[in-house]
Amino acid sequence: MTAPTVRTTRSSDLATRAEALFPGGVNSPVRAFRAVGRAPLVLQRGEGPHVWDADGRRYVDYIGGWGSGMLGHAHPDVVEAVGRAARNGFALGATHPLEVELGEAIRRAMPSIERLRFTSSGTEAVMSAVRLARAATGRDMIVKFAGAYHGHADGLLVEAGSGVATQAIPGSAGVPAATARLTVVLPYNDLAAVTAAFAAHGERIAAVVVEPVAANVGVIAPQPRFLEHVRDTSRAAGALLLFDEVITGFRLGAGGAQARFGIHPDLTTLGKIIGGGMPIGAYGGRADLMELVAPAGPVYQAGTLSGHPLSMAAGIATLAALTPERYGRLEVAAEHLELGLQAAAAGANRQIAIARVGSLLTVFFRPSVPHNAAEALSSDRAAYARFFGAMLDRGILLPPSPFEAWFLSMAHTGVEIDATLEAARAAFAA
Ligand SMILES: *Cc1c(COP(=O)(O)O)cnc(C)c1O
């Protein structure tokens, strides 16, 4: 139960009713705000860079639909596209023209994706891509990196980040030990560990699953040569390389992290931005691999609502608005935010380290940016919780966990960023 409040507001009433309905009062763990020790917000409206709670209080939003909101909330083009699609019916149960349109837009932007399949979530996309990798190689094991989050399928929920990083769930209860044993977990950015894992298990590894920029234990940039080493080592051993670009796809430019770093993965998973805030996921890659998916091949995977026309419409309108000029402006805005936060912390004599890759940013309360999950997790959580609260009280909504990326959108202008920096100067001083 929530603590008794002096005055019942609409938000607190809804939060109490939610507590009685949903585990922890939420339908996804991080929304409970437990890592920051505040009452969870009930948000009922978003427009551009802002969200409003159920009491009408406005915040500058850095949760950004957990990365799905690249254009900001309720972008007119997206609202219009979804409305138009809705008038033609929702789930028609056969191939829809909008599926073809979004699929082609994705393939144009990411040439490693020769064929793809839409799902309803990123979790399903990664789970299905791993099944495909196992079928294609005839091998059982997968390699992932500590702190990386690839959705909540059993085999990937081993030393995972995101909500798992703060919920103290060791992997997760309910994951069979036999499943977890098929997942090898390595430290991110550790080239020698990759070499050693392949020396030990090379013949059994179906795929390496990697976030090309780790963004679920705070932002961790790949060190020079790390991604190349993963690609070369996996290829030499006959294993597949799966880039999980559910966050980075269309965020670090239209070609995703694979274009930014010049790496050609065998398989890619997408989600979040490609649905413009509607439920979505996708996996794709080499045509010879994707031809193994049913009904073309023997790997079964399906979805009643896959390729949903409203998600397709929102995705098409979103990708169409992601012009090179807008990516350029976003980069400038993100750099302005990073430098301003550095200056605000320095002005108050606070020791922080900011990790930023494009519009993904984390303020770590530790002396240097982390290179792996263990370093990230050693940052000062209590200091982040205080900072979060001080910012919230000033109308700035940061992610309610020290280990989630701040998601800047293309709707954030200098006005919102300056308001954020003004709040940060006061919050760091407090
Ligand atoms: C969010 C996320 C997922 C899971 O996507 P859902 O749509 O939440 O199931 C998978 N991989 C990465 C890298 C993510 O950030």
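The values are calculated or read from the model by the stated rules, or taken from the named source; none is laboratory data. Everything numeric in this text was worked out from a predicted model, so none of it was measured. Neighbour counts are summed over all protein chains in view; Cβ atoms, including those assigned to glycine, are modelled from backbone coordinates with ideal geometry.
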- Looking at 244, 266, which is the one that is at pLDDT 95 or above and away from the ligand (no atom under 16 Å from the Cβ)? 266
- Can you find a residue in the range 397-420 that is among the hydroxyl-bearing types (Ser, Thr, Tyr), assigned to a helix (DSSP H, G or I), over 15 Å from residue 360 (Cα atoms) and at pLDDT 95 or above? yes
- Those residues of the range 366-396 that are in contact with a strand residue (DSSP E or B) (Cβ under 8 Å, 6 or more places away or on another chain) and in a helix (DSSP H, G or I) come to a total of 6
- Message: Among the residues that make up the range 369-382, is at least one of them aliphatic (A, V, I, L, M), in contact (Cβ under 8 Å) with a residue 60 or more places away in the chain and touching an Asp or Glu at 6+ places or on another chain (Cβ under 8 Å)?
- Response: yes
- By residue number, the members of the range 289-334 that are touching a residue at least 12 places away in the same chain (Cβ under 8 Å) and of a type in the set (Asp, Glu) are 291, 331
- Message: I'd like to know if the range 285-304 contains one or more residues that are more than 30 Å from residue 138 (Cα to Cα) and either at pLDDT 95 or above or within 20 Å of the chain's Cα centre (by Cα) (or both).
- Response: no
- Note on the structure: Condition set buried (at least 17 other Cβ atoms within 10 Å of the Cβ) and not in a strand (DSSP E or B), scope the range 351-365, selection farthest from the chain's Cα centre (by Cα): answer is 352
- Under 6 Å by Cβ, and 6 or more places apart or on different chains, what pairs join a residue from the range 30-44 that is surrounded by fewer than 20 Cβ atoms within 10 Å (Cβ to Cβ) with one that is part of a helix (DSSP H, G or I)? 37/385; 38/389; 42/11; 42/14; 42/15
- Task: Please specify each residue of the range 15-55 satisfying the condition of being in a helix (DSSP H, G or I) and either out of contact with any helix residue (DSSP H, G or I) (no Cβ under 9 Å at 6 or more places or on another chain) or of a type in the set (Lys, Arg) (or both).
- Result: 17, 20, 21, 31, 34
- Query: Can you tell me which of 314, 382 is at pLDDT 95 or above and either exposed (fewer than 15 other Cβ atoms within 10 Å of the Cβ) or in the same structural domain as residue 414 (by TED's automatic domain parsing) (or both)?
  - Reply: 382
- Note on the structure: Considering the range 121-147, residues that are in a loop (DSSP other than H, G, I, E, B) and either under 27 Å from residue 220 (Cα atoms) or at pLDDT below 95 (or both), and then whichever is farthest from the ligand (Cβ to nearest atom), we arrive at 146
- Cβ-Cβ below 9 Å, separation at least six or inter-chain, first residue in the range 270-287 and away from the ligand (no atom under 13 Å from the Cβ), second among the basic types (Lys, Arg): which pairs? 284/107; 284/115; 284/117; 285/115; 286/115; 287/115
